[in-house]
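One structure, pasted below without further comment.
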Amino acid sequence: MKKIITLLCCGVLLFSAAYGCGDGNSSSEYTPITETKRVGEPKYGFIDIPNYFDVYTDEAAAQQGLLQYSDSRGANIISLSYFTDTTAQDLTLAYWNSLEPQITNLTSAIVEINGIKTYQLYGVLPDMGKIMALWVLDGEDGVTHCITVEGTDRAVFDMPDTFKPTE
């Protein structure tokens, strides 16, 4: 999974450099995030995020019941959401259909997060020069979880590997 995201991140970095986009956090060197904090809530799940992330509210998505965290510029965002009326496979297909017209190079994969089969979608948000990736998985409690990451900092895309549906 990390190889796929790293390759995709490299493409976004090239895209960002060509169009002057980016948040100043992108570089050709990959620096893992070592200082993290655990966040989340029951139903949403729990994930490690960088210490420098704070609670964030995207006004366009404020009514969607998301837990969101971001760096100080809002350039790199991690969102958690959950659904009780669908499966991970069905939700991934619905996301694919809604994202396909908006995302360049939309790609899918099946990966594992902490031993749980997870559906992954990722691609480039061309208007922003950012990567968007999401992971959808079925929790043991019948809840379908979704982790979304958008940004340019390659290391932030490693954070979903720390996700657990329960603490």
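No lab work stands behind these numbers, since they all come straight from the coordinates. As the structure is a prediction and not an experimental result, all values here were calculated from the model. Cβ: placed from backbone, ideal geometry, glycine included. Neighbour counts: every protein chain shown.
Counting Lys and Arg as +1 and Asp and Glu as -1, what is the net charge of the other residues whose Cβ lies under 13 Å from the Cβ of ILE103?
Summing Lys/Arg as +1 and Asp/Glu as -1 gives -2.
Same structure, new question: Check the straight Cα-Cα distances from LYS117 and name the aspartates and glutamates below 13 Å, setting aside those fewer than 8 residues away within the same chain.
The qualifying aspartates and glutamates are ASP138, GLU140, ASP161.
Could you please tell me the mean projected area of the C-alpha convex hull for the range 43-116, averaged over all directions and given in square nanometres to one decimal?
6.4
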